[in-house]
Amino acid sequence: MSSRIRTLEEYHAAYQKSVEDPDGFWADVAAPFTWRRKWDTVRSGEFSPAGDSKWFEGARLNITENCLDRHLALRGNKLALIFEPNDPKTRHLRLTYRELYQQVCQFANVLHANGVEKGDRVIIYLPMIPALAIAVLACARIGAVHSVVFAGFSATAIADRVNDADAHFVLTADGLNRGPKQIPVKSVVDEALLHCPGVRRVIVVEHLGWHVHMQPGRDVWFHEEAQGVPLTCPAEEMKAEDPLFILYTSGSTGKPKGVVHTTAGYMVWADYTFRNVFQVEENDVYWCTADIGWVTGHTYLLYGPLLAGSTSLQFEGVPTYPDAGRFWEVIDKHNVTIFYTAPTAIRSLMATPLDNVLSYSLSSLRVLGSVGEPINEEAWHWYHTHIGKGRCPIVDTWWQTETGGIMLSALADITPSVPARAGLPLPGVQPVLLNQDGTEIEGNDREGYLAIKASWPAVIRTTWGDHERARQTYFQPYPGYYFTGDGARRDEQGLYRIIGRVDDVINVSGHRFGTAEIENAINQNEHVVESAVVGYPHDVKGQGIYAYVICQHGAPKTDAEARQWEASIIETVVAEIGKIAKPDKIQLVSGLPKTRSGKIMRRILRKVAEGETSNLGDVTTLLDPAVVDEILAGKK
Ligand code: WTA
């Protein structure tokens, strides 16, 4: 398509046009898609402070016609999806665009037959198998709003999301494979649904062949429902601003919020950023290792690649099974040309013997990507040298669930790629650094709060059921800007370097958690009176979770008792959120450092967790300064 940038000059020209004439710029980018009706206005609504941006108003479309139908004539026999299973001894699966189209249509028909209507919310709790990709697209086909919940979240987390989205339908499977383990999935859903009276139908995909409990009148097997169901299904005509999906993500308050993306703007942004950042060519085999349960999987495993007519690889397993060479084995096996992963995966593989890499050629690789957290220089160099063999450009892509797609990044081999820098903004993105008082910081070699001036097509539209929350979180803190919650530095060359969150969000292995969210979970434990959670630097995870906990009966009497309480607290967090939010360190304390007004001084807790105990700053305003000594003495 014409909006592909191929040189540095073209990048600068595109960038300038996107700022000076955004309507003209995005009208050109959007022109080649399949529209049932073209838009009346490119951009409307108020970006900030109302936070009600609209893009391509008046247009009618279905995103799956753009992902699938549009490609059938030219790419019907091209591979759309390669599925690599958890166990390398199990056969992989390949679906052409025509086959994927048929399976999506069939799944969509099954949804319809089970009562799913346009606008209904469907919670998808499925493992990383083709049915997950197909189910997401099937929802979009009939205009249902998908909300994928990562299949590692707990029953409580599922129930919260089902109820918040007021979903009447859940899609799930019998169980899932994760490395050497098989994990039940349906039983987790069953437990969740004890608290979700609104759910009318659960459609279960058979994956492990397990016998699972099926509740009569509520639960049905997909393969039984699909018998004899046609392989075509008309696509529902959607308005540009109809919601496409809800994805729950953590913020600085206790409750995860449902980030809402709509149809046309998200589609245009996913496609444009995918093609330009990775510089995708027709014959690329592209692999994004993220789970579809996270936004990276939505935009860059599923929608972006399919919109662009690319071949996307979906991997069920983990990087270390059956051994730490698995990623590299998969790359050689399928001749992957573009590889997109997270720094935490790179750091964990870096720590294993280099032989795991050297047994593979990796000669098919052309472009490498990184996402989810800052990539440290050491990991960048290892990735560049040992995986990219010094030959492949690395794109360090900064973005968020709320931005829908990549905002700051090098375009592979076109704009500068410097270790530990996300780089320059994509066309359409106007980043600024703000002072605490909201004034813009001019010039290079400066640091501040990262915010975005002016709307872009995939900006978050709302938080499900609570627009005021979206407004207050993103658009109100600094009127005129979208506030990212990240701190950044603009270097001497004007390249952006992300420093990390400036709010109470911690980024563990590229996954976001609110400290309040983890505290709420810990506080559910019977032993616990109060807790405070902070992040600390962790070699593999980026940030680890450090929890300070006050227990009911004071200090534990024995070490064994302490260990028992800690194990019980971990169990509670796993039940409330999931294994991914397990604290790395728990310190049982008798008090927390609080100001006279009762506010916890997290600054001190953070410093202790980071091991920076020599300079704790001013502690005289504390209600009880002695608490700090006790905390220091018991540091984990
Ligand atoms: C962080 C994931 C540094 C950042 C796509 C952001 C990054 C949060 C990068 C969003 C990067 C993401 N360099 N930090 N390349 N990419 N982040 O919503 O703090 O899961 O605010 O979206 O991850 O996480 P989310």
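The set of residues from the stretch 587-624 being part of a loop (DSSP other than H, G, I, E, B), of a type in the set (A, V, I, L, M, F, W, C) and within 34 Å of the chain's Cα centre (by Cα) comprises LEU592, MET601.
Of the residues ARG461, ARG469, which is in contact with a helix residue (DSSP H, G or I) (Cβ under 9 Å, 6 or more places away or on another chain), among the basic types (Lys, Arg) and within 22 Å of PRO243 (Cα to Cα)?
Details: ARG469 fails: in contact with a helix residue (DSSP H, G or I) (Cβ under 9 Å, 6 or more places away or on another chain).
Testing whether each residue is in contact with a helix residue (DSSP H, G or I) (Cβ under 9 Å, 6 or more places away or on another chain), among the basic types (Lys, Arg) and within 22 Å of PRO243 (Cα to Cα) leaves just ARG461.
Checking each residue in the stretch 198-213 for being of a type in the set (A, V, I, L, M, F, W, C), in a strand (DSSP E or B) and either out of contact with any helix residue (DSSP H, G or I) (no Cβ under 8 Å at 6 or more places or on another chain) or within 24 Å of LEU93 (Cα to Cα) (or both) picks out ILE203, VAL204, VAL205.
Do we find a residue being among the charged types (D, E, K, R), assigned by TED's automatic domain parsing to the domain that holds ALA151 and surrounded by fewer than 19 Cβ atoms within 10 Å (Cβ to Cβ) anywhere in the stretch 202-214? Quick ask: steps written out before the conclusion?
First, pick out the residues of the stretch 202-214 that are among the charged types (D, E, K, R): 206.
Those left that are additionally assigned by TED's automatic domain parsing to the domain that holds ALA151: 206.
Imposing the further condition that a residue be surrounded by fewer than 19 Cβ atoms within 10 Å (Cβ to Cβ) reduces the set to 206.
Scanning the stretch 202-214 turns up at least one residue that is among the charged types (D, E, K, R), assigned by TED's automatic domain parsing to the domain that holds ALA151 and surrounded by fewer than 19 Cβ atoms within 10 Å (Cβ to Cβ).
In the stretch 349-400, the qualifying residues are those that are charged (D, E, K, R) and within 16 Å of the ligand (Cβ to nearest atom), and the one that is farthest from LEU424 (Cα to Cα) is GLU378.
Evaluate the following for ARG94: is it more than 25 Å from THR403 (Cβ to Cβ), outside any loop (DSSP other than H, G, I, E, B), at pLDDT 95 or above and in contact with a strand residue (DSSP E or B) (Cβ under 8 Å, 6 or more places away or on another chain)? Spelling it out, ARG94 is indeed more than 25 Å from THR403 (Cβ to Cβ), outside any loop (DSSP other than H, G, I, E, B), at pLDDT 95 or above and in contact with a strand residue (DSSP E or B) (Cβ under 8 Å, 6 or more places away or on another chain). One residue stands out in the stretch 401-447 among those that are assigned to a strand (DSSP E or B) and over 21 Å from GLU377 (Cα atoms): the one that is nearest to the ligand (Cβ to nearest atom), namely PRO431.
Can you name the helices (runs of 4 or more DSSP H) wholly within the stretch 103-197 that have at least 3 residues being of a type in the set (D, E, K, R) and in contact (Cβ under 8 Å) with a residue 24 or more places away in the chain? So that I can check it myself, show each step before the final result.
Numbers: elements: 130-142, 155-165, 186-193.
Ranges flagged: 155-165, 186-193.
Selection within the stretch 214-254: residues that are part of a loop (DSSP other than H, G, I, E, B) and within 16 Å of the ligand (Cβ to nearest atom). The member of this set that is nearest to GLY175 (Cα to Cα) is SER250. Of the residues in the stretch 524-536, at least one is among the acidic types (Asp, Glu), within 22 Å of ARG603 (Cα to Cα), away from the ligand (no atom under 16 Å from the Cβ) and touching a strand residue (DSSP E or B) at 6+ places or on another chain (Cβ under 8 Å). Could we say that GLU630 is outside any loop (DSSP other than H, G, I, E, B) and either aromatic (Phe, Trp, Tyr) or under 29 Å from PRO319 (Cα atoms) (or both) here? No; evaluated as a whole, the condition is false for this residue.
Here the stretch 448-467 is the region considered, the condition is being aromatic (Phe, Trp, Tyr) and not in a strand (DSSP E or B), and the residue that is nearest to ILE63 (Cα to Cα) is TRP456.
Could you say whether any residue in the stretch 282-290 is surrounded by fewer than 21 Cβ atoms within 10 Å (Cβ to Cβ) and within 18 Å of the chain's Cα centre (by Cα)? Lay out the reasoning, then the answer.
First, pick out the residues of the stretch 282-290 that are surrounded by fewer than 21 Cβ atoms within 10 Å (Cβ to Cβ): 282-283, 285.
Those left that are additionally within 18 Å of the chain's Cα centre (by Cα): none.
So far as the stretch 282-290 goes, no, none of its residues is surrounded by fewer than 21 Cβ atoms within 10 Å (Cβ to Cβ) and within 18 Å of the chain's Cα centre (by Cα).
Applying the selection to the stretch 314-334, what residues are part of a loop (DSSP other than H, G, I, E, B) and of a type outside the set (A, V, I, L, M)?
Our first condition is that a residue be part of a loop (DSSP other than H, G, I, E, B); within the stretch 314-334, this holds for 316-325.
Result: GLU316, GLY317, PRO319, THR320, TYR321, PRO322, ASP323, GLY325.
Scoring THR595 on the criteria (1) free of Cβ contacts under 8 Å to residues at least 40 places away in the same chain; (2) closer than 20 Å to ASP503 by Cα; (3) surrounded by 15 or more Cβ atoms within 10 Å (Cβ to Cβ) leaves a single failure, condition (3).
When each of GLY228, GLY265 is tested for being surrounded by 18 or more Cβ atoms within 10 Å (Cβ to Cβ) and modelled with pLDDT of 95 or more, the lone residue that passes is GLY265.
As a summary of the residue check, HIS511 satisfies the conditions (1) closer than 24 Å to ILE600 by Cα; (2) out of contact with any strand residue (DSSP E or B) (no Cβ under 7 Å at 6 or more places or on another chain); (3) within 16 Å of the ligand (Cβ to nearest atom); (4) not basic (Lys, Arg) except for the one numbered (1).
The values are calculated or read from the model by the stated rules, or taken from the named source; none is laboratory data. These numbers come from a predicted model, not from an experiment. We place every Cβ from the backbone using ideal geometry, glycine too, and count neighbours over all the protein chains shown.
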